[in-house]
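Each remark here refers to the structure printed beneath this line.
The values are calculated or read from the model by the stated rules, or taken from the named source; none is laboratory data. Just so it is clear, the structure is predicted and the values come from calculations on it, not from any experiment. Positions of Cβ are backbone-derived with ideal geometry, glycine not excepted, and every protein chain shown enters the neighbour counts. In case anyone asks, the SASA skips ligands and DNA or RNA and just uses the protein heavy atoms, side chains included. Shrake-Rupley method; radii C 1.70, N 1.55, O 1.52, S 1.80 Å.
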Protein chains: 2
Amino acid sequence: MALIVQKFGGTSVGSIERIEQVAEKVKKHREAGDDLVVVLSAMSGETNRLIDLAKQITDQPVPRELDVIVSTGEQVTIALLAMALMKRGVPAVSYTGNQVRILTDSAHNKARILQIDDQKIRADLKAGRVVVVAGFQGVDEHGNITTLGRGGSDTTGVALAAALKADECQIYTDVDGVYTTDPRVVPQARRLEKITFEEMLEMASLGSKVLQIRSVEFAGKYNVPLRVLHSFKEGPGTLITIDEEESMEQPIISGIAFNRDEAKLTIRGVPDTPGVAFKILGPISASNIEVDMIVQNVSHDNTTDFTFTVHRNEYEKAYAVLENTAREIGAREVSGDTKIAKVSIVGVGMRSHAGVASRMFEALAKESINIQMISTSEIKVSVVIEEKYLELAVRALHTAFELDAPARQSE
Amino acid sequence: MALIVQKFGGTSVGSIERIEQVAEKVKKHREAGDDLVVVLSAMSGETNRLIDLAKQITDQPVPRELDVIVSTGEQVTIALLAMALMKRGVPAVSYTGNQVRILTDSAHNKARILQIDDQKIRADLKAGRVVVVAGFQGVDEHGNITTLGRGGSDTTGVALAAALKADECQIYTDVDGVYTTDPRVVPQARRLEKITFEEMLEMASLGSKVLQIRSVEFAGKYNVPLRVLHSFKEGPGTLITIDEEESMEQPIISGIAFNRDEAKLTIRGVPDTPGVAFKILGPISASNIEVDMIVQNVSHDNTTDFTFTVHRNEYEKAYAVLENTAREIGAREVSGDTKIAKVSIVGVGMRSHAGVASRMFEALAKESINIQMISTSEIKVSVVIEEKYLELAVRALHTAFELDAPARQSE
């Protein structure tokens, strides 16, 4: 008999009909013999409705009071699901974040979980009840209601699974798992049976919006096996777990991630003196602009070229900061490009395989795609290319790394 | 500097605009120097919307879970008002029933308040904050959310006023006070400056739906001065208080109450043996039918006639029970009438004035209104008459007891 934490998002509980479907699903799992803790979001649209009410009062809602309002969304869904379960003869009880006691810090609207009291939940599980917990919310040491910020229900699920030492944390979503890449770009993309936390983090941060990054970090830190599944379709989903089988044969690359959210900025003819990188990036950072990739070319004639990427929304702002810097440090010119895309190959397998990057470059060269920037990490190689080649590049890499093959079976 | 508890109902916080108006009103009071605790209901319609959600899941919502859902209504309004106050520069903080700690018993959906922790509220008041508390809800000793049942926000206001030893509990409504009778029936009806708890209880239980009976009982028990005021119009309202001025001149009658909710049942030719009243009313009570007025005529020929009134909704049911009883005890016949009305004169003044009842009967006789039943208590005389004479009777009594005169001034 396993202990499973199941998390259903806003779309999965978006109507009474959906809640009834979730109840059916939970009932089936319960009858299979597992102990279940179910974490719910608010009905889709409800959180926005509540925020909108507050915004009608003031553009700058007081964070403490906003949490009092917004936390009511999950409070409604948990009780509705508990009722729907009891109607089906499944003993159930609902708990708000305060009732469980999910203790957080006092950073309203973006609180972090400090501690979870598992006493009540364990007693209920022992008594045969399904425990339905409000996601996304907690309580601080003074009894103030807090929320974890958008998407925080995933984190609640993982944190509960960690506190209860659950066998698995299942995140139910509107996709049936994590794919080798976006199926809208590559029809041959296939669902992964397994992926490591590290890979998932790289995939997620690169634009695969299946899971909240924070919940994956949390799951990795506490080694909570995480499974992504479809709310209303049957299927094994994708298990996200630590890499326990390094010795076994495994694919080098797990997936191809990409995004078109970035823009590139270049400053040329920078006098190559010590501390030049700080002189350039310091003012960018001071303007609260996040920098992703950074490339500095080798110097010639005692000057160097320096290129980095920022989010496209911050391109104009960054450009202005950079022009100012160029004048101050005597650089030759500033240029930029918003028509770029970033493509990455991700896989823990590349740790033990040489030549992965060159295989990537070869595949792109074959398609005559020019590489503008390169950056590498232990389990990822990213390149920046012209935006119009994005789909072509993703498909070429998906084939080159043999991801088009039928899914391998669960071990 | 006084400490005032102000309670605003669902209509008063029924929209963002209304909440802003309440905030203005609270701000003005605050600036006048009083310490304020504000108790709110849910936005009008919200409680029904929430109950309807639950009813879509099941006809018989689990009471504990229903309370979890329904309590979110006030949780939203308190935070919205706290925001609206802070926007106006008035320091404020919101508390749910659980956060204050309004401890109740575990009778979900109709819980009773056992104890209120005044520590947090006193600290906030001391710090200059307006404290906004969710009405209608509390928490039981196990941390379960409870609700006090419909209209319970008035009770929350009074209980808080009692716990805090507040100088006054102000109930803001859609009327500007308690009237001598329903102004729709008697245009000359006038607002009372003052009324005693006892009188208010008689008026309320007879159909003046200004205040919840339970909150008046509560206020009387703990001697909390209660004031009924209009939410959005200026005016002193009506103060409900203990009768401190018995020696002073005061009107004999404070008001005329009436209702048409009752029906009359008569059982004739009942063998007059000891315990006959119990034999007749026992089965009625066992059927959960509440009896209001009871009249037993003097016996003749060793039989007696017995008449009582029940709520009109229970007339059919009571009639069937009574017919059964008639067969069992050998009574002659059962008859009934739903076209009746009850009219009462209410006033603590009648304690010290003889002849009040006969003055009432005289006024009705002048209008040729036949009296079918009479019942009296220390501060009330009620009569049952034919329904069609109701308005005529109320107007005649209003004039006979000199209630048409202009309002007396506050002492």
Q. Residue by residue through the range B:122-129, which ³J(HN,Hα) values in whole Hz follow from phi under the Karplus form 6.51 cos²θ - 1.76 cosθ + 1.60 (θ = phi - 60°), with glycine and proline marked x?
A. 4, 5, 5, 4, 4, 7, x, 8
Q: Step through the residues of the range B:85-97 one at a time and calculate ³J(HN,Hα) from phi using the Karplus curve (6.51 cos²θ - 1.76 cosθ + 1.60, θ = phi - 60°), rounding each to whole Hz and writing x for Gly and Pro.
A: 6, 5, 4, 8, x, 9, x, 8, 8, 9, 9, 6, x
(Q) Per residue, how big is the convex hull of the range A:9-143 when only Cα atoms are used? Give it in Å³. (A) 97 Å³
Q.
Defining the label point at 7 Å along Cα→Cβ, can you sort the distances from A:A320 to the same site in each other copy, shortest first, in nm?
A. 8.0
**Q.** Distance in nm between pseudo-label sites at A:D182 and B:N313 (7 Å out along the Cβ direction from Cα)
**A.** 5.8 nm
Q. To the nearest 10 Å², what's B:D118's accessible area with a 1.4 Å probe?
A. 50 Å²
Q: For A:T303, list long-range residues whose amide hydrogen, built 1.01 Å from N in the peptide plane, is under 5 Å from its own amide hydrogen.
A: A:D272
Q: With a 1.4 Å probe on protein heavy atoms only, work out how much accessible surface B and A bury together, total over both chains, in Å² to the nearest 100.
A: 3100 Å²
**Q.** Ratio of Rg to Rh over the range B:124-196 (Cα coordinates, Kirkwood Rh, two decimals)
**A.** 1.10
(Q) Against the 2.2 N^0.38 Å scaling, with N counting residues, where does the range A:282-341 land? I'd like the Cα-based Rg ratio to two decimal places. (A) 1.13
Q: Can you tell me the equivalent ellipsoid semi-axes for the range B:262-411? Use √(5λ) from the Cα gyration tensor, largest first, whole Å.
A: 33, 16, 15
Q) Heavy-atom accessible area per residue, chain A, 1.4 Å probe: how many Å²? A) 43 Å²
Q: Could I get the Rg over Rh figure for the range B:244-330? Both from C-alpha atoms, Rh via Kirkwood, rounded to two places.
A: 1.16
Q) HN-Hα J couplings of the range A:62-67 from phi, Karplus 6.51/-1.76/1.60, θ = phi - 60°, integer Hz, Gly and Pro as x? A) 4, x, 4, 6, 4, 5
Q.
Explain nothing, just the number: dipole magnitude of the range A:42-124 about its Cα centre with +1 on each Lys and Arg Cβ and -1 on each Asp and Glu Cβ, in debye rounded to the nearest 20.
A. 240 debye
**Q.** Value of Rg to Rh for the range A:155-279 (Rh from inverse mean 1/r over Cα pairs, i.e. Kirkwood)
**A.** 1.11
Q) Given +1 on the Cβ of Lys and Arg, -1 on the Cβ of Asp and Glu, and no further charges, what dipole in debye does the range A:104-165 carry about its Cα centre, rounded to the nearest 20? A) 220 debye
(Q) Positive end of the dipole of chain A, charges at C-beta (+1 Lys, Arg; -1 Asp, Glu), about the Cα centre: which of A:I213, A:I4, A:F197 has its Cα farthest in that direction? (A) A:I4
Q. What is the extension gain from A:S287 to A:A127, computed as 0.36 nm multiplied by their sequence separation minus the C-alpha to C-alpha distance, in nm to one decimal?
A. 52.1 nm
Q: Scan around B:V130 for amide H atoms under 5 Å from its own, H built in the peptide plane at 1.01 Å from N, and keep only partners 5 or more places away or cross-chain.
A: B:A92, B:V93
Q: Could you size up the charge dipole of the protein assembly as shown around its Cα centre, putting +1 on the beta carbon of Lys and Arg and -1 on that of Asp and Glu, and report it in debye to the nearest 20?
A: 380 debye
Q: Take every residue in peptide B:96-103, count the Cβ atoms of other chains within 10 Å of its Cβ, and give the average of those counts.
A: 3
Q. Along its principal axes, what span do the Cα atoms of the range B:252-300 show, with the longest given first and each in whole Å?
A. 41, 29, 16
Q: Would you mind checking which residues have amide H under 5 Å from A:I171's amide H? H placed 1.01 Å from N; only 5 or more apart, or other chain.
A: A:K7, A:R227, A:V228, A:L229
Q) Near A:K27, which aspartates and glutamates are there with a Cα under 17 Å away, not counting those fewer than 8 places off in the same chain? A) A:E17, A:D35, A:D124, A:E234
Q: Work out, step by step, the length gained on full extension between A:E333 and A:E386: first 0.36 nm times the residue separation, then minus their alpha carbon distance; give nm to one decimal.
A: 17.0 nm
(Q) Rounded to the nearest percent, how much of the accessible area of the protein assembly as shown (1.4 Å probe, protein heavy atoms only) is carbon and sulfur? (A) 48 percent
Q. How compact and how long is the range B:192-347, expressed as Rg and Dmax of its alpha-carbon atoms in Å?
A. 20.1, 63
Q: Per residue, how big is the convex hull around the C-alpha atoms of the range B:31-91? Give it to me in cubic angstrom, could you?
A: 94 Å³
Q: Sort B:R359, B:R101 by accessible area with a 1.4 Å probe, largest first.
A: B:R101, B:R359
(Q) Suppose we compare each residue of the range B:28-73 in its chain alone and in the full protein complex with a 1.4 Å probe; which ones drop by at least 20 Å² of accessible area? (A) B:R49, B:L53, B:Q56, B:I57, B:T58, B:V62, B:R64, B:E65, B:V68, B:I69, B:T72
Q.
Which one, B:L53, B:A393, B:I289, projects farthest toward the positive side of the charge dipole computed for the protein assembly as shown from Cβ point charges (K/R +1, D/E -1)?
A. B:A393
Q) Put the label 7 Å from Cα along Cα→Cβ for B:K388; what are its distances to the other copies, in nanometres, shortest first? A) 9.2
Q) Quick one: length gained pulling B:E323 to B:E193 fully straight, 0.36 nm per residue minus the C-alpha distance? A) 42.0 nm
Q) For chain B, what is the Kirkwood hydrodynamic radius in Å, using each pair of distinct C-alpha atoms? A) 23.4 Å
Q | Whole-angstrom gap from the range B:162-201 to the range A:217-239, using each part's C-alpha centre | A | 61 Å
Q) What is the Cα radius of gyration of the protein assembly as shown over 2.2 N^0.38 Å, N being its residue count? A) 1.29
(Q) I'm a student and want to see the number: the projected area of the Cα convex hull of the range B:91-149, averaged over all directions, in nm². (A) 3.5 nm²
(Q) Just to compare against my own numbers: the Cα pair-distance distribution for the range A:81-184, 5 Å bins, whole % per bin, please. (A) 2, 12, 19, 21, 18, 13, 8, 5, 2, 0
